[in-house]
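> Okay, handing you the structure first.
Taken together, the values in this text are just the output of simple stated rules run on the coordinates, not laboratory data. As the structure is a prediction and not an experimental result, all values here were calculated from the model. A quick note on method: Cβ atoms are made from the backbone with ideal geometry, for glycine too, and the neighbour counts reach across all protein chains shown.
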Amino acid sequence: DDASQSSGEGLRRHVQPARVCSYTDFMKCQPLNFKETEGVVGLSQWLEKMESLFYISGCAIDNQVKFATCTLLGAALTWWNGHVRTLGHDAAYAMTWGTLKKKLMDKYCPKGEIKKLEIKL
């Protein structure tokens, strides 16, 4: 009988709206830090962990660069701060995660280093 379905009883389930991932939520997932001294392997691990955390935490695309760059340390943080000064705050933080990844790879993964790793593997 259609009456039971239209009354709101039965098969309907209340679904909570998705909650926005805050910086605190993101940090509770224990992201890795990255500093230049960790090299190609360290950067690869950092990138993989970030992408996993973005997915698990439901991190909004608009927050990915902002949250990820908060885990940069040492020379990597100095590099990022220089980038922010050059581009301007708004433009730097408006870049996509893909663009940031490419910039980090270009900076910290010279082609020669990647070739050496491939040969070792």
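> Which residue, chosen from N81, A91, C70, occupies the Cα position most advanced towards the positive end of the dipole of region 23-120, where the dipole is computed from +1 (Lys, Arg) and -1 (Asp, Glu) charges on Cβ about the Cα centre?
N81
> While we're on this one: May I have the pair-distance distribution P(r) for region 23-120, computed from all Cα-Cα distances with 5 Å bins from 0 and rounded to whole percent?
Spelled out bin by bin, region 23-120 gives 2, 13, 24, 25, 19, 11, 4, 2, 0 percent.
> A further question on this structure: What ranking do 97-107, 83-93 get when scored by the average of other Cβ atoms within 10 Å per residue, highest first? Provide the component values of the computation, followed by the final result.
Numbers: 97-107: 14.8, 83-93: 12.3.
Taking the mean over residues of other Cβ atoms within 10 Å, the ranking is 97-107, 83-93.
> Please list, in order along region 61-77, the HN-Hα scalar couplings obtained from phi with the Karplus expression 6.51 cos²θ - 1.76 cosθ + 1.60 (θ = phi - 60°), rounded to whole Hz, x for Gly and Pro.
Using θ = phi - 60°, the values come out as 3, 5, 9, 4, 5, 4, 5, 5, 5, 6, 9, 7, 10, x, 4, 5, 5 Hz.
> Magnitude of the Cβ-charge dipole of region 23-120, K/R +1 and D/E -1, about the Cα centre, nearest 20 debye?
Working: 13 positive and 10 negative charges, 58 e Å.
Result for region 23-120 is approximately 280 debye, rounded to the nearest 20.
> Would you mind checking which residues have amide H under 5 Å from K35's amide H? H placed 1.01 Å from N; only 5 or more apart, or other chain.
Residues meeting the criterion, in which the H sits 1.01 Å from N, are L73.
> Also, quick follow-up: Give me a comma-separated list of calculated 3J(HN,Hα) values for region 88-97, in order, Karplus coefficients 6.51, -1.76, 1.60 applied at θ = phi - 60°, integers in Hz, x for any Gly or Pro.
The phi angles translate into x, 4, 4, 5, 4, 7, 8, 5, 7, 4 Hz.
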